[in-house]
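A short write-up of the structure that comes next.
The values are calculated or read from the model by the stated rules, or taken from the named source; none is laboratory data. As the structure is a computational prediction, the values presented were derived from the model and not from experiment. Cβ coordinates were reconstructed from backbone atoms using ideal geometry, including for glycine residues, and neighbour counts include every protein chain displayed. Only protein heavy atoms, including side chains, enter the accessible area calculation; ligands, DNA and RNA are left aside. Shrake-Rupley method; radii C 1.70, N 1.55, O 1.52, S 1.80 Å.
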Amino acid sequence: MSHSCSCHAQFGQEQLSEIEKLLEPYSGDPGSLIQALHKAQNVAGYLPREAQVLVAEKLNVPLTKVYGVVSFYSLFTTKPKGKHKIHVCTGTACYVRGASQLLNKLEDELQIKPGGTTGDGQFSVDVVRCLGACGLGPVVTVDEDVYGRVNNGKLDDILSKYSRE
């Protein structure tokens, strides 16, 4: 998924203008809410309140419905995410093979809890329930890359790879 994410840029009028242009094809079409939200999120990597209000107005949808969709679907976020998005699977197979130790290590190394983003905007960490690779547990993804049978040593290697980018 490629987009012009300036993930930690200040969200402001420039982004709102860009979203407004992207929403033109969906104007007045409440049935296009999810597509419109994806377009809006791709502008800055997240959906602050201002973007949600604009989507609601353009599609003629109540703001409560927009917020309901944003908060229900895990692909949408109201907080800026890091340049590199780390997901740790905590499904049963991954959990019993050490996913919680990986989360503890990420908290120590990056100084953030799951759901957080590092102060420099490099990394965000989230927990997922299943990535569909149970035989490879514990599984960690970074952006689009999938890593199986991750232990603390392998996690160090993974973090250092993305720290250089």
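Couple of notes before you dig in:
- Per residue, the solvent-accessible area of the chain (1.4 Å probe, heavy atoms of protein chains only, all protein chains present) comes to 55 Å².
- Structure-derived Cα extents along the principal axes in Å: which label, when the choices are (1) 43, 33, 27; (2) 51, 30, 23; (3) 51, 41, 39: (2)
- Two-decimal Rg to Rh for the stretch 79-165 - Kirkwood Rh, Cα set: 0.93
- For the stretch 55-76 versus the stretch 99-134, the gap between their alpha-carbon centres in whole angstrom: 27 Å
- Beta bridges from DSSP with both residues in the chain: antiparallel share about 55 percent, rounded to the nearest 5.
- Computed magnitude of the charge dipole of the stretch 13-72 (debye, nearest 20; Cβ of K, R +1, Cβ of D, E -1): 200 debye
- Angle between the chain longest axis and helix 99-110 axis [Cα atoms, degrees, rounded to 10]: 70 degrees
- For the chain, size of Cβ-based charge dipole, Lys and Arg +1, Asp and Glu -1, in debye: 440 debye
- Accessible-area composition of the chain, carbon plus sulfur, in percent [1.4 Å probe]: 51 percent
- Taking a straight line from the alpha carbon of Lys65, these lysines sit under 24 Å away, with near neighbours fewer than eight places off in the same chain left out: Lys21, Lys39, Lys79, Lys81.
- Most fluctuating residue given options Ala99, Ala133, Ala36, as computed from a GNM of the chain linking Cα atoms under 10 Å: Ala133
- With only Cα atoms counted, the stretch 13-72 has Rg and Dmax values of 9.9, 27 Å.
- Residue of Gly121, Gly91, Gly153 that the Gaussian network model of the chain assigns the largest fluctuation, springs spanning Cα pairs under 10 Å: Gly153
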